[in-house]
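Report on the following structure.
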Amino acid sequence: MDILDIQNLHVGFRINDTFYDAVDGVSFTLKNNEILAIVGESGCGKSTLATAIIGLHHEQNARVTGKILFGERNLLECSEEEMNHIRGAEIAMIFQDPLSALNPLMRIGDQIEEALTYHTDYSRDEREEKVLQLLKQVGISKPEQVARQFPHQLSGGMRQRVMIAIAISCKPKIIIADEPTTALDVTIQAQILDLLKELQNETEAGIILITHDLGVVAEMADRVMVMYAGEIIEEAPVQKLFASPKHPYTRLLFNSMPQLHSTNERLNAIEGIVPSLTHLPRTGCRFASRIPWIPKDAHEEQPIFHEISKGHFVKCTCWKYFNFQHESSINR
Amino acid sequence: MSFMQIIDLKVHYPIRGGFFNSIVDWVYAVDGIDMEFEQGKTYGLVGESGCGKSTTGKAIIGLEKITSGKILFEGEDVTKERKSRTSHFHREVQMIFQDSHSSLNPRKRIADILAEPIRNFLNLTPREERKKIDELLAIVGMPGDSKEKFPHEFSGGQKQRINIARALATNPKLIIADEPVSALDLSVQAQVLNFMKDVQKEFGLTYLFISHDLGVVKHMCDYIFIMYKGRFVECGTKQDIYQNPKHLYTKRLLNSIPATTPLGREKRKWARQEFEKMYEKHIHKAFDENGRVYDLIPISDTHYVSASSVKEVV
Ligand SMILES: Nc1ncnc2c1ncn2[C@@H]1O[C@H](COP(=O)(O)OP(=O)(O)OP(=O)(O)O)[C@@H](O)[C@H]1O
Ligand SMILES: Nc1ncnc2c1ncn2[C@@H]1O[C@H](COP(=O)(O)OP(=O)(O)OP(=O)(O)O)[C@@H](O)[C@H]1O
Ligand SMILES: [Mg+2]
Ligand SMILES: [Mg+2]
């Protein structure tokens, strides 16, 4: 069952009184009990997309258009009050930047309890017990002590886990996790990922997992969307994407992974930089400038999504002509 | 020859509580560690979240009070000097902070953020300064028009690149990089790591590289410290750690590295949970009767392991 249906979503930021789209016509659905991973170059609009779903963009700075259907409701038409109830209770977000999402003046325990007070009808004692239980669940070994501490007294990874505890506290239907484990060591990362899965088994929540760690994607995702410069450029079930990535960006991305068993001095980076919002090409294949060795006519003029096998979508046609640069220079 | 030594460093934080806000307990964030740094090498500092890695870094550059211990830089005891922001030590030792978002002043433009260390330590004309800023931005792959912008206009990864540019501004000798690439996507990560290696070669830089990504650590580091609850449980060359791990905690870290294929993930999850049970059963042996990790003892010229685990857990 689709629990989230996003149609033609645009999010533009105001820069010198003009709006520039950081998310530029994105459509997708999320099913319950599904983990949808979103990967993509830094600055491609992942967090902007996530923030739009829970309605936290400011009207003055950002223009959000399109549809975000959550059951019967279009979240873009909900009042602030309705959104306040949906946020946390039904759709929870784990922010990329835990320090700015936590209240610096409030003890950790009180912050978690606040979420419970607002969205559940537990008694005070139940809430206190629940706080400690949640902290334990996210792998914090001295929950009583940490509950009494303030955010600045915790390590980066501990703060991130507190965020996760708050996000799962009300058993939401959708969890949006923006880089939930980037600050965590691998052992706790594994533990948190297992925890999210367990929680999902219990509540059938749909999870949107934003990450740049392809290992995390491999271990967790059912389906993967790849974004570049505000657009989705490839989408596929996880096995398909890892077995045969198609879009040039996706292939270059996989190619830049540090290999545990390689002794190569240099990693394969993607040459060039992501253009800033104001300089983004708005027509044609946005990735063309990063792969100049691919002939211009390999790209579609108006790139569209092609379903190349069941559930596997690729934007533009340039993938058919793509080779890695060193291959092409050898051929020449 | 090493140019910098850390000797028996300790950082303990008081926990206050009760009626009178008196000290009720202590967090032994860093509890007696020794390190040495040679020029041009990269040192990895790896360990569980909350084990004291950032505290170690911050204590070295003087942002945390040291409870006890000593820091020697080029033969001199700089334990006191390191607190003054304009000291020689400060120019030579820079830090890239873990929290890229909050370590940039939101009210300053990028140009001013980068100009700050330049003005503190280098004597440049305004023109040279502008050129330097352009160079720094180019080095980290940011568009030139970033200069006029404010931090909130950038994505997480972009902010981190600005942080790296700032640390490089004074051509330091040692850069303490606290999770410098964990907020970056893979291709930018590859760019930044390649770039860090390039400047290292060019300027003979030394890195203390704090990270939990064992793939990245393996790629970057010559020598690795494994930290656990404020102490080192194992240290050695890259080969020692990856090919011949001794301590149970080190093994657990290596065991939790996610695979890079979705195939077989159910099986891996099961194996991980089995390992976890074994770990829970044996890890208490890593501590002495006071709950402190045992001291390191050498098992080769380069490889040190916390005493208990040498015999017990192989
Ligand atoms: N408040 C803002 N005002 C103007 N531009 C913004 C704002 N927030 C983000 N941007 C720009 O929008 C684009 C998308 O940013 P976003 O934070 O969504 O990227 P991201 O994909 O989450 O990147 P990362 O992986 O680095 O977190 C970037 O070019 C960024 O500079
Ligand atoms: N100002 C402080 N007051 C009290 N305790 C603190 C303070 N700063 C850090 N701590 C504690 O010291 C310990 C070590 O923290 P530190 O930030 O060094 O961890 P870390 O190894 O960098 O972890 P991470 O990988 O999560 O960033 C933690 O238990 C933390 O709660
Ligand atoms: Mg982001
Ligand atoms: Mg840290």
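The values are calculated or read from the model by the stated rules, or taken from the named source; none is laboratory data. Owing to the predicted nature of the structure, the values given are computational and were not obtained by experimental measurement. Here Cβ is always computed from backbone atoms with ideal geometry, including for glycine, and neighbour counts include all displayed protein chains.
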Exercise for the section: Scan the stretch A:162-178 for residues that are crowded, with 24+ Cβ neighbours inside 10 Å and farther than 15 Å from A:GLU113 by Cα and jot them down. Expected result: A:ILE175, A:ILE176, A:ALA177
Exercise for the section: For B:LYS277, state whether it is part of a helix (DSSP H, G or I), at the interface with chain A (Cβ under 8 Å from one of its Cβ atoms) and over 22 Å from B:VAL217 (Cβ atoms). Expected result: no
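Here is a yes/no grid of residues against (1) surrounded by fewer than 18 Cβ atoms within 10 Å (Cβ to Cβ); (2) out of contact with any Phe, Trp or Tyr (no Cβ under 9 Å at 6 or more places or on another chain); (3) aliphatic (A, V, I, L, M):
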residue	(1), (2), (3)
A:PHE13	no, no, no
A:LYS31	yes, yes, no
A:GLU34	no, yes, no
A:GLY40	no, no, no
A:SER47	no, no, no
A:ARG73	yes, yes, no
A:ILE94	no, yes, yes
Problem - B:LYS131 vs. criteria part of a helix (DSSP H, G or I) and at pLDDT 85 or above - result: yes
Exercise for the section: Would you confirm whether any residue within the stretch A:255-269 is assigned to a helix (DSSP H, G or I) and in the same structural domain as A:GLN191 (by the TED database)? Expected result: yes
Completion exercise
Out of (1) at pLDDT 85 or above; (2) within 16 Å of ligand 3 (Cβ to nearest atom), the one B:ARG107 does not meet is (2)
Problem - So A:ASN16, is it away from every other protein chain (no Cβ under 13 Å) and either out of contact with any Leu (no Cβ under 6 Å at 6 or more places or on another chain) or within 16 Å of ligand 4 (Cβ to nearest atom) (or both) - result: no
Handout entry: A:ILE330 vs. criteria at pLDDT 90 or above, more than 25 Å from the chain's Cα centre (by Cα) and within 30 Å of B:MET220 (Cα to Cα)
Key = no
Fill in the blank from the handout: The lone condition B:LEU63 fails out of (1) modelled with pLDDT of 95 or more; (2) more than 10 Å from ligand 2 (Cβ to nearest atom) is (1)
Exercise for the section: Confirm whether B:VAL293 is in contact (Cβ under 8 Å) with a residue 40 or more places away in the chain, among the β-branched types (Val, Ile, Thr) and not assigned by TED's automatic domain parsing to the domain that holds B:SER54. Expected result: yes
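Results for (1) part of a helix (DSSP H, G or I); (2) acidic (Asp, Glu); (3) more than 16 Å from ligand 3 (Cβ to nearest atom), shown as yes or no for each residue.
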| residue | (1), (2), (3) |
| --- | --- |
| A:PRO172 | no, no, yes |
| A:LEU184 | no, no, yes |
| A:LEU195 | yes, no, yes |
| A:ASN201 | yes, no, yes |
| A:HIS212 | no, no, no |
| A:GLY215 | yes, no, yes |
| A:ALA218 | yes, no, yes |
Practice task
Consider B:SER308 carefully, then state whether it is more than 30 Å from B:LYS173 (Cβ to Cβ), in contact (Cβ under 8 Å) with a residue 12 or more places away in the chain and in contact with a Ser or Thr (Cβ under 9 Å, 6 or more places away or on another chain).
Solution key: no
Completion exercise
Taking the stretch B:18-60 and the residues there that are out of contact with any strand residue (DSSP E or B) (no Cβ under 7 Å at 6 or more places or on another chain) and near ligand 2 (Cβ under 9 Å from one of its atoms), the one that is farthest from the other protein chains (Cβ to nearest Cβ) would be B:LYS58
Practice task
Scan (1) under 27 Å from B:GLY230 (Cβ atoms); (2) within 14 Å of another protein chain (Cβ to nearest Cβ); (3) modelled with pLDDT of 90 or more for the single condition A:ASP178 breaks and write down its number.
Solution key: (1)
Problem - Out of B:SER146, B:SER155, sole residue that is within 12 Å of chain A (Cβ to nearest Cβ), without any contact (Cβ under 8 Å) to a residue 24 or more places away in the chain and among the hydroxyl-bearing types (Ser, Thr, Tyr) - result: B:SER155
